[in-house]
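One structure below.
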Amino acid sequence: MLETNKNHLIISAVQGIIQPLGGMGYGVKWDGSPRVSLGTASINYSVNVGDPVYGYANADHVEPDVTIQGRDKPSASDCALAVLACIGNEAKVITGDAKGKKGIYIGRHAGADDLVWFPPEVMEELGVEDKIQIKTCGVGLKIIGFEDVKLNKMSPKLFEAMNIQQENNQLIVPVSRELPGYILGAGIGYDPSIESVDYDIQTTCPETNEELKLASLRLGDVIAIHDHYDAWGRGRYEGAVTIGVIVHGWSDSGGHGPGVNPIIAALPGRIKVKLDPNANIAYYLGIRKS
């Protein structure tokens with residue numbers, strides 16, 4: 001097994017509240033046709049990590065499970081929760097009927113929404129504006145001998161569950177899908193903290209959607225993005241590879257689509273991917289059985 005510096009990481013508590021649902025109102029799709037879409041946030045009883053990204057009525061950027069938001073700064077994207085929480089961290093309810101129940105942090109959408117999975121029986125006890133505490137661990141995680149490979153929003157728990165192997169001077173990373181960098185859209189080129197913002201696979205060209213079979217993506221899928229180096233921002237670098245996790249669903253808005261949290265970024269020659277249909281955080285974190 002690859003060795004990391006996990007024993008040197010800081011473990012700390014951050015907090016958010018279950019964010020009330022925000023209606024998006026009327027808008028237009030990429031082709032100009034009208035729509036009224038369900039807003040993001042709140043408690044999603046219908047869609048969970050591991051489910052498809054596509055196929056929900058009137059849904060746009062659908063967020064699985066429970067959406068929380070930091071309140072310690074005026075902007076949610078500046079809150080400790082947004083920057084320090086890593087996929088696989090423990091979540092704990094600290095107010096309300098579900099107080100004391102535990103779940104798992106599963107990713108971050110855009111500049112506002114952090115996502116947490118709880119078992120179905122806990123979901124029924126949760127209420128909007130309940131407080132959720134995340135035991136953060138992962139910022140600063142490095143692979144010994146591969147310190148040049150940047151890990152983002154990656155808990156030691158997730159890293160170890162992915163069973164990444166070493167072959168000579170390369171990391172062998174299992175992924176469910178490989179995608180070309182040109183298909184990425186909204187969020188590309190955004191400079192601030194890579195931890196606090198995702199970016200989107202564009203699903204506004206039906207022919208490309210069919211060619212790349214994008215509708216078969218699942219929430220939580222671990223994917224490879226070729227010719228992108230998402231270490232300190234999101235952008236093109238020929239030959240580089242970024243590994244990401246799908247955190248939200250489909251969109252009909254121009255330049256948008258399923259969202260990706262980058263978790264590994266490597267310059268050319270440092271990552272080799274292998275296809276694995278079970279490369280999904282729902283399986284890695286014990287949320288679902290493969």
Filter segment 106-128 down to the residues that are at pLDDT 95 or above and of a type in the set (D, E, K, R) and list them by number.
ARG108, ASP114, GLU121, GLU124, GLU125
For segment 131-149, which residues satisfy the criterion of being part of a strand (DSSP E or B) and over 22 Å from LEU115 (Cβ atoms)?
ILE143
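Can you list the strands (runs of 3 or more DSSP E) lying wholly within segment 54-122 that have 3 or more residues being buried (at least 20 other Cβ atoms within 10 Å of the Cβ), in contact (Cβ under 8 Å) with a residue 12 or more places away in the chain and under 17 Å from the mean Cα position of the chain (by Cα)?
Numbers: elements: 66-69, 90-93, 102-109, 113-117.
Here the list reads 66-69, 102-109, 113-117.
Within segment 1-51, how many residues are under 30 Å from ASN168 (Cβ atoms) and part of a loop (DSSP other than H, G, I, E, B)? Lay out the reasoning, then the answer.
Kept after step one, since they are under 30 Å from ASN168 (Cβ atoms), are these residues of segment 1-51: 1-9.
If we keep only those that are part of a loop (DSSP other than H, G, I, E, B) too, we end up with 1-3, 5, 9.
So the answer is 5.
Looking only at residues in segment 218-251 that are among the hydroxyl-bearing types (Ser, Thr, Tyr) and surrounded by 24 or more Cβ atoms within 10 Å (Cβ to Cβ), which one is farthest from ALA59 (Cα to Cα)?
The first filter runs over segment 218-251 and keeps only residues among the hydroxyl-bearing types (Ser, Thr, Tyr), leaving 229, 237, 242, 251.
Next cut, surrounded by 24 or more Cβ atoms within 10 Å (Cβ to Cβ) only: 242, 251.
Values: THR242: 28, SER251: 8 Å.
This residue is THR242.
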Please determine whether any residue of segment 170-181 is among the aliphatic types (A, V, I, L, M), over 19 Å from ASP113 (Cβ atoms) and in contact with a Ser or Thr (Cβ under 7 Å, 6 or more places away or on another chain).
no
In segment 38-53, residue surrounded by the most Cβ atoms within 10 Å (Cβ to Cβ) [restricted to those that are without any contact (Cβ under 8 Å) to a residue 60 or more places away in the chain and of a type outside the set (A, V, I, L, M)]:
ASN44
Has segment 265-273 got at least one residue that is farther than 11 Å from ILE223 by Cβ, under 13 Å from the mean Cα position of the chain (by Cα) and buried (at least 24 other Cβ atoms within 10 Å of the Cβ)?
no
Among residues of segment 1-20 being hydrophobic (A, V, I, L, M, F, W, C) and closer than 18 Å to ARG108 by Cβ, the residue surrounded by the most Cβ atoms within 10 Å (Cβ to Cβ) is ILE18
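Every residue, every condition in (1) farther than 27 Å from TYR105 by Cα; (2) buried (at least 17 other Cβ atoms within 10 Å of the Cβ), yes or no:
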position: GLU167; (1), (2): yes, no
position: LEU171; (1), (2): no, yes
position: VAL175; (1), (2): no, yes
position: GLY181; (1), (2): no, yes
position: GLY189; (1), (2): no, no
position: GLU195; (1), (2): no, yes
position: GLU207; (1), (2): yes, no
position: LEU212; (1), (2): yes, yes
position: SER216; (1), (2): no, no
Between ILE172, ILE144, ILE164, ILE194, which is modelled with pLDDT under 95 and either out of contact with any helix residue (DSSP H, G or I) (no Cβ under 7 Å at 6 or more places or on another chain) or more than 24 Å from TYR283 (Cα to Cα) (or both)?
ILE194
Restricting the search to segment 180-201, which residues are of a type in the set (Ser, Thr, Tyr) and assigned to a helix (DSSP H, G or I)?
TYR182
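The values are calculated or read from the model by the stated rules, or taken from the named source; none is laboratory data. Keep in mind that what you see is a predicted model, and the values were worked out from it rather than measured. We place every Cβ from the backbone using ideal geometry, glycine too, and count neighbours over all the protein chains shown.
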